[in-house]
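Input: a single structure, listed below in structure tokens.
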């Protein structure tokens, strides 16, 4: 039975991805700070393992991965948007909280997965990082989120290089406007400002794309995938 650990699995893209892999018969380790949603999902599937922990805490992350054991795939998904405003209104605490989750948390989880994949038999595995279209093109008022997502791209590229001798592949999925709580919050803000709704797509379509990346044979890797709502204004010039 193939196995995957998914971070940020209590809601949104993480939860939808966990459900997709569970429906496909995988053993799924689910990481998030809130235990109750993970335990509810674990109660519905025999192959679901709740691993409640804070991805910013080194000891907790290492313990969760060690408890799960052999892992074929990590979907490094946990993230946060942070305060939406201009840089002069961002406190150091605001900045640090986003860096802690979006970069340090991804580093800690990737490190734990890499360590297991390097030592296990057969050696190897796959790490899929959740980037964002913000890894290439910023959304206004999102300096913390955008900066960290650019950093995720550097993490992905370095893991791809460092993992080659150990059959550890690393790829990144850059998602635009899946209908998660984050996009709903942005929609509420836009509505309050009298702006048109954002084009969006079903979160289940993201889960399907991640499943495709995970199912590739070891000799193949999706290095970067951009998945976005068709009518998003990502391509073009003003």
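The values are calculated or read from the model by the stated rules, or taken from the named source; none is laboratory data. Worth saying up front: this structure is predicted, and the values here are computed from it rather than measured. Counting neighbours? That spans all protein chains shown, and the Cβs are built from the backbone with ideal geometry, glycine included.
With the structure loaded, tell me whether residue 17 is outside any loop (DSSP other than H, G, I, E, B) and surrounded by 15 or more Cβ atoms within 10 Å (Cβ to Cβ) or whether it fails that test. Judged against the criteria, residue 17 is a match. Among the residues making up the stretch 111-156, those that are farther than 19 Å from residue 81 by Cα, without any contact (Cβ under 8 Å) to a residue 60 or more places away in the chain and buried (at least 24 other Cβ atoms within 10 Å of the Cβ) are 117, 125, 127.
Each row is one residue, and each column tells you yes or no for (1) free of Cβ contacts under 8 Å to residues at least 40 places away in the same chain; (2) within 30 Å of residue 72 (Cα to Cα); (3) in a helix (DSSP H, G or I).
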| site | (1), (2), (3) |
| --- | --- |
| 174 | no, yes, no |
| 184 | yes, no, yes |
| 188 | yes, no, yes |
| 191 | yes, no, yes |
| 195 | yes, no, no |
| 209 | yes, yes, yes |
| 214 | no, yes, yes |
| 217 | yes, yes, no |
| 226 | no, yes, no |
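Within the stretch 141-153, the presence of at least one residue that is at pLDDT 95 or above and in contact with a strand residue (DSSP E or B) (Cβ under 7 Å, 6 or more places away or on another chain) is confirmed. Does the stretch 50-73 hold any residues that are more than 18 Å from the chain's Cα centre (by Cα) and under 18 Å from residue 1 (Cβ atoms), and which are they? Those that are more than 18 Å from the chain's Cα centre (by Cα) and under 18 Å from residue 1 (Cβ atoms): 67, 68, 69, 70. Mind checking whether some residue in the stretch 163-174 is touching a strand residue (DSSP E or B) at 6+ places or on another chain (Cβ under 9 Å), within 16 Å of residue 133 (Cβ to Cβ) and surrounded by fewer than 20 Cβ atoms within 10 Å (Cβ to Cβ)? No - not one qualifying residue is present in the stretch 163-174. When we screen 29, 82, 14, 8 for residues that are modelled with pLDDT under 95 and within 29 Å of residue 176 (Cβ to Cβ), the only hit is 82.
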